[in-house]
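Report on the following structure.
FYI, it's all coordinate maths here, none of it is from the lab. None of the values given here were measured: they were computed from a predicted structure. Using ideal geometry, Cβ is built from the backbone for each residue, glycine included, and neighbour counts are taken over all protein chains shown.
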Amino acid sequence: MVTQNIDEHPSTESRPPRRRWAAHAISGVLAAAVVLGVGELVALPINPDASPFYAVGATTVDRTPAWAREFAIDTFGTNDKPALFIGMSILIVLLGAVAGLLERRRRPIGSVILVLLGAVGVYAAMQRPTADAMYVFPTLVGVVAGVATLRLLITQLEVPLSPGVADSWLPRRQFLLLAGAALAVAAAAGAAGKFVGQRIAGAVANREDFVVPTAADPAPPIPAGADIAIAGASTYITPNDDFYRIDTALLVPQLTTDSWELRIHGMVDREMTLSFDDLVARTPIERVITLTCVSNEVGGVLAGNAKWIGYPMKDLLDEVGVHPDADMLLSTSVDGFTVGTPVEIVTDGRDAILAVAMNGEPLPFEHGYPVRQVVPGLYGFVSATKWVTEWELTRFDKVEAYWTQRGWGAQAPIKTSSRIEVPAALAPIEPGQVLVAGTAWAQHRGIEKVEVRVDNGEWQPATLAQEYSIDTWRQWSWMWDAGSGLHTVQVRATDLDGNVQVEERTPPIPGGATGWHTRSFTVK
């Protein structure tokens, strides 16, 4: 009797997988990491914005509806960008794992997933305002490297075992070596991209060499009475490291003074292109100005006060000769972000400046180095353009800026606001005299008074710190004789025009939040 031998080497398509699913998933994640790392490196000589990771992130921000953007700011505050990066990274890991699980030597489904993701990256890169045909290459080269990595790893996993060799959950040595190499390539390419990018730009060294100009018209000294100096309350001047940052730039622009210029055009008599040397040859002024983000919720922290050195914007507009019917200054950041500012506001005599220094230092990169706009009295999304490189004089009925296109207000004066900072929310308090303190602002109108009440009782006048100017916030304090129990404390401000802070609660969008800040305390 003849016994038919069974094939000792069945195909990997018909036999159960010899490696655990984790090895396949890891292969896909490593391949995705190679796509991003190589893409970051190839983007260097082209433009950092062409990096697939940042291109997708930036396009996501651009396409995000206003409600989602506000949810991110409300939820994560100034950590909204790290939150986006973390979310994207988690999604990439998951998609890479799926690609690895679906990839087979004969059915490269996972490779197709990487190619489709690459198509998304190419599309995102081409949506960047500075994009040209070269922007497609970082993603294309990264995808080719990633697909090759995935194919090599999966092929190694699915090579049949030699006769007599026991199956094992641990992948073979060749796979581990390839996986380690892929991880090293991804990490090295990504790290080199970051490091070499900074070296090529030379921006760090450029900023270190920048000499802050001496203001011909310095800001008046800040009197001691302007700062209440109470533990837990805001300092009168906000340190640069503590100053809020809200913008759409996922990759902070690394401009140098040599590469910066400002083009002024549109409805003007004479177009002008201003170099950095042209700018600093003018007469600098120094002003203390409070900035506020429109996304600031009632009682929020998205406001800061700093000492700025810069050059009056009005002087430049006078030189180019703005047409009488032009009512919008459309400013554009180097990354394509646009802001529409009323011409009337810039030219009405307030200290609207192109700032080059912040609190005695060159502007931090995150705050617009080498040049940004600072305009008192308007929320940042209609005034405070960072990394500004272009001005177009136009009209509000012809052009919409970045956030106006997304349903935000076209002209947004800062609303009269106040907040409680001391004691901290829900802090335990002993009965007796309790110091309540905080900050109020109504830029370019100034604060006339602040009032506090407890448990919906009568409003009581707070003690105001000395006023420095109408363009800065004003601190306040009030002594409360606290009795035992749960109490609610509210604050409201009145500006010098007689406008009382609005009681009705409204969300920040489209033109700034309203409502009285409230804190609850347990006194025991």
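Dipole magnitude for the chain: computed about the Cα centre from +1 point charges on Lys and Arg Cβ and -1 point charges on Asp and Glu Cβ, it is near 2560 debye.
With R₀ set to 56 Å, the beta-carbon distance separating Arg395 from Thr463 gives a calculated FRET efficiency near 0.75.
Among Met313, Met272, a tally of other beta-carbon atoms within 10 Å of each Cβ gives an order, fewest to most, of Met272, Met313. Taking Cα atoms only, the orientation of helix 52-63 departs from the longest principal axis of the chain by about 50 degrees. Residues of the stretch 260-292 with the amide nitrogen closer than 18 Å to a label point 7 Å from the Cα of Thr214, along Cα-to-Cβ, please. Only 280-287 pass the distance filter. Of the residues Leu279, Ala226, Met358, the one whose Cα sits farthest towards the positive end of the charge dipole of the stretch 224-406 is Ala226 (charges of +1 on Lys and Arg Cβ, -1 on Asp and Glu Cβ, taken about the Cα centre).
Its relative contact order, with pairs defined as Cα atoms under 8 Å and 6+ residues apart, puts the stretch 397-524 at 31 percent.
For the chain, the relative contact order works out to 13 percent when only alpha carbon pairs closer than 8 Å and six or more residues apart are counted.
I'd like the GluC sites (Glu not before Pro) in the stretch 318-374 restricted to DSSP loop residues with at most 16 other Cβ atoms within 10 Å, sorted by number. When the GluC sites (Glu not before Pro) of the stretch 318-374 are filtered for loop state and at most 16 Cβ neighbours within 10 Å, nothing remains.
Within the chain, count lysine pairs with alpha carbon atoms under 19 angstrom apart where the residues are 8 or more positions apart or belong to different chains.
Working: Lys81/Lys194; Lys81/Lys386; Lys307/Lys386; Lys314/Lys386; Lys415/Lys449.
Going through the chain pair by pair, I get 5.
The stretch between Asp481 and Val280, if pulled fully straight at 0.36 nm per residue, gains 66.9 nm over its current Cα-Cα span. Highest mean first, the peptides 445-458, 424-437, 116-129, 45-58 sorted by other C-beta atoms within 10 Å per residue fall in the order 45-58, 116-129, 445-458, 424-437.
Contact order for the stretch 224-406, expressed relative to its length and based on alpha carbon pairs under 8 Å spaced 6+ residues apart, stands at 26 percent.
Rounded to the nearest 0.05, what FRET efficiency is calculated for Ala148 and Val301 with R0 set to 56 Å and r the Cβ-Cβ distance? Don't skip to the answer; put the middle values down first.
Numbers: r = 48 Å, r/R0 = 0.85.
Given R0 = 56 Å and the Cβ-Cβ separation, E is 0.70.
When the helices in the chain are scored as -39500 (n - 2.57) per DSSP H run of 4 or longer and the sum is shared across all residues, what 222 nm value do you end up with, to the nearest 500 deg cm²/dmol? Intermediate results must be reported in sequence, preceding the final value.
Details: 11 runs with 161 residues, N = 524.
So the calculated ellipticity at 222 nm is -10000 deg cm²/dmol.
What spacing in nm lies between the two simple spin-label points modelled at Ile86 and His323, each 7 Å away from Cα in the Cβ direction? Placing both labels 7 Å beyond Cα along the Cβ direction yields 5.0 nm. Computed from the C-beta positions of Asp455 and Ala229 and an R0 of 25 Å, the FRET efficiency is 0.30 to the nearest 0.05.
The angle between the Cα long axis of helix 21-43 and the main principal axis of the chain comes to about 60°, on a 0 to 90 degree scale.
By the scheme Lys and Arg +1, Asp and Glu -1, what is the net charge of all other residues having a beta-carbon under 11 Å from that of Ala215?
Values: positive: Arg287, Lys307; negative: Asp217, Glu286.
Summing Lys and Arg as +1 and Asp and Glu as -1 gives 0.
Across the chain, Cα-Cα pairs farther apart than 28 Å form 63% of the total. In this rough spin-label picture, where each label sits 7 Å from Cα along the Cβ direction, the Thr273-Thr130 distance is 1.6 nm. Checking every one of the trypsin sites (Lys or Arg not before Pro) in the stretch 403-434 against DSSP loop status and a limit of 13 other Cβ atoms within 10 Å picks out no site at all.
Relative to the Cα centre, the charge distribution of the stretch 417-523, modelled as +1 at Lys and Arg Cβ and -1 at Asp and Glu Cβ, gives a dipole magnitude of about 200 debye.
Around Asn240, with a cut-off of 11 angstrom between Cβ atoms, what is the net charge of the other residues, counting Lys and Arg +1 and Asp and Glu -1?
Details: positive: Arg245, Lys307; negative: Asp241, Asp242, Glu361, Glu366.
Around Asn240, the surrounding residues sum to -2.
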